[in-house]
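The values are calculated or read from the model by the stated rules, or taken from the named source; none is laboratory data. All of these numbers come straight from a predicted model, not from anything done at the bench. Neighbour counts are summed over all protein chains in view; Cβ atoms, including those assigned to glycine, are modelled from backbone coordinates with ideal geometry. Just the protein is used for accessible areas: all its heavy atoms, side chains included, with ligands, DNA and RNA removed. Shrake-Rupley method; radii C 1.70, N 1.55, O 1.52, S 1.80 Å.
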Amino acid sequence: MTDITKEIIEKKLTSIVLGNKKSLVEENIIEGISHKDGHVQISLYANKDNIEEIEKVGKLIEKELSSIKGMISVTSVLTNEPLKQNASKEAKQPKEPKPVEKIQGIKNIIAIASGKGGVGKSTMSINIASALSSIGKRVGILDADIHGPSIPHMLALKGKPEVNENKKIVPFEFENMKVMSIGFLINEDQPVVWRGPMVHSAIKQMATDTNWGELDFLIIDMPPGTGDAQITVSQHLPLDGAIIVSTPQPVAVNDAVKAIGMFKKVNIEILGIIENMSYLVLNDGTKENIFGEDGAKEMAKKLNIEFIGEIPLDKEIRESCDDGIPFVFSQPKSLIKDIFISFAKKIDEILSKKS
Ligand code: ADP
């Protein structure tokens, strides 16, 4: 433990004068401050025109704050400037935004989450969304995977969203589904780090400033893991529940258990577990359990959580992701599509029982 408080950090920051003789505070470039046990992270607004200058400011801050007695580490990270319509509001009160209230017009908000990356969370998100849409539900997809937003690629969507006359972001559309991704807001070639304190403002903005219209389901593709990013998203969106995706492999299952623990801690109900890549169907029709057998299914049983079902490892699923068309639409006559439809019906049923 150290005695470093936020006040001490803020006092030091106030004393820093920039090259133009203005103070950091006057320049309004600090997005947020987080600190714990002598470790401090400062996030700074930057855009493509001033990024080099702000990087230098970050280095200056790191140097100055490191001189505080007891300081162990100081990191500065850059975040995209908030969308213009919120710029002044966000800059003045970035510290502790209140959790979002229920989003008007949206009946159910469901997080699709995993403990580990690469288990097929995004693939499940777009196919569950597509299956819900196929059974007649009004669906939106929000890609909150700040570390590696893959929904734009999986739906072959590109570009920046427009803002309408009411200053709401106009989501992209794919087969009647409304789509918004953090990937549309960040420039991939820009060294922008979305972490800690800036995660909530970006996610909150996408959730509440997007013109979703009336939706039965908003599917949120969560960042993988159980760290700050997931907790922040869970605390700042009015989630009706979470669905956990895991492969049967012990390493994925162990991390999924941690993700479940994280959701429980923030009082979010786990609606069910999906096992992805459960088996591969070989040419002779037999099944091979490449990643082990029933790992996620058994975890669901042990934790008394609904097991929604299993999806095989399938070349056409991988191809559909790369072709930018969800499997549910690209293979409308396949058995696996029927499995996704059964998931959609089950999820709808679980939620209607809840309300
Ligand atoms: P995550 O969101 O958990 O990081 P992704 O959904 O991006 O995972 O999936 C990782 C990769 O695995 C992608 O290339 C995707 O196409 C592929 N994939 C996911 N599920 C399957 C599956 N059941 N069969 C074949 N490939 C899959």
| Roughly what would the spin-label model give for I135 and N166, points 7 Å off Cα along C-beta, in nm? | 3.0
| Highest GNM mean-square fluctuation, the chain, Cα pairs closer than 10 Å: which of V251, V17, V170? | V17
| query | With the chain treated as a Gaussian network of Cα nodes joined by springs under 10 Å, which of I339, I109, I128 yields the largest mean-square fluctuation? | reply | I339
| task | Quick one: what are the phi-derived ³J(HN,Hα) couplings along segment 3-14, Karplus 6.51/-1.76/1.60 with θ = phi - 60°, whole Hz, x for glycine and proline? | result | 8, 6, 10, 4, 4, 4, 5, 5, 4, 5, 4, 4
| message | Taking R0 as 25 Å, what FRET efficiency do you get between V251 and H147 from their Cβ-Cβ distance, rounded to the nearest 0.05? | response | 0.85
| remark: With a 19 Å threshold on alpha-carbon distance, the violating pairs from K302/K354; K264/K301; K56/K160; K116/K345; K12/K56; K11/K204 are K302/K354; K56/K160; K116/K345; K11/K204
| field | Whole-Hz couplings from phi, Karplus 6.51/-1.76/1.60, listed for segment 327-342; x for Gly and Pro | value | 3, 4, 8, 7, 10, x, 9, 8, 5, 5, 4, 4, 5, 4, 5, 5
| remark: Non-local residues with an amide H under 5 Å from the amide H of E269, with H modelled 1.01 Å from N and Pro and chain starts lacking one, are A242
| task | Go ahead and set up a Gaussian network model of the chain, Cα springs under 10 Å, then flag whichever of D221, D338, D143 fluctuates most. | result | D338
| Solvent-accessible heavy-atom area per residue, rounded to whole Å², over the chain at 1.4 Å | 49
| request: For segment 7-86 and segment 297-355, write down the distance between their C-alpha centroids in whole Å. | output: 44
| task | Take every Cα-Cα pair in segment 204-250 and report what % of them are more than 18 Å apart. | result | 38
| Using a Förster distance of 45 Å, how high is the FRET efficiency between E214 and K258, based on the Cβ-Cβ distance and rounded to 0.05? | 0.80
| Using the Karplus equation 6.51 cos²θ - 1.76 cosθ + 1.60 (θ = phi - 60°), what ³J(HN,Hα) coupling, rounded to whole Hz, does each residue of segment 237-246 give in order, writing x for Gly and Pro? | 10, x, 6, 8, x, 10, 10, 9, 10, 8
| task | Can you tell me how much longer the chain between L18 and N50 gets when fully stretched, taken as 0.36 nm per residue apart minus their C-alpha distance, in nm with one decimal? | result | 10.1 nm
| field | In Å, descending, principal axis extents of the Cα set of the chain | value | 73, 48, 39
| said: Modelling each spin label as a point 7 Å along the Cα-to-Cβ direction, I'd like the S67/T286 distance in nm, to one decimal. | reply: 7.2
| query | Long-range amide H contacts for N108: which residues qualify at under 5 Å (H placed 1.01 Å from N, peptide plane, sequence gap of 5 or more or a different chain)? | reply | F217, L218
| Can you pull the percent of the chain's accessible area that's carbon plus sulfur, 1.4 Å probe, other chains left in place? | 49
| How much space per residue, in cubic angstrom, does the convex hull of the C-alpha atoms of segment 98-172 take up? | 143
| request: Compute the FRET efficiency between E7 and D228 as 1/(1 + (r/R0)^6), taking r as their Cβ-Cβ distance and R0 = 22 Å, and round to the nearest 0.05. | output: 0.50
| In what order, largest first, do K345, K21 sit by accessible area if the probe radius is 1.4 Å? | K21, K345
| For N28 and L60 in one chain, what is 0.36 nm times their gap in residues minus the Cα-Cα distance, to one decimal in nm? | 9.9 nm
| For I141, which sequence-distant residues (separation of 5 or more, or a different chain) have an amide H within less than 5 Å of its own amide H, given hydrogens modelled in the peptide plane? | K178, V179, M180, I219
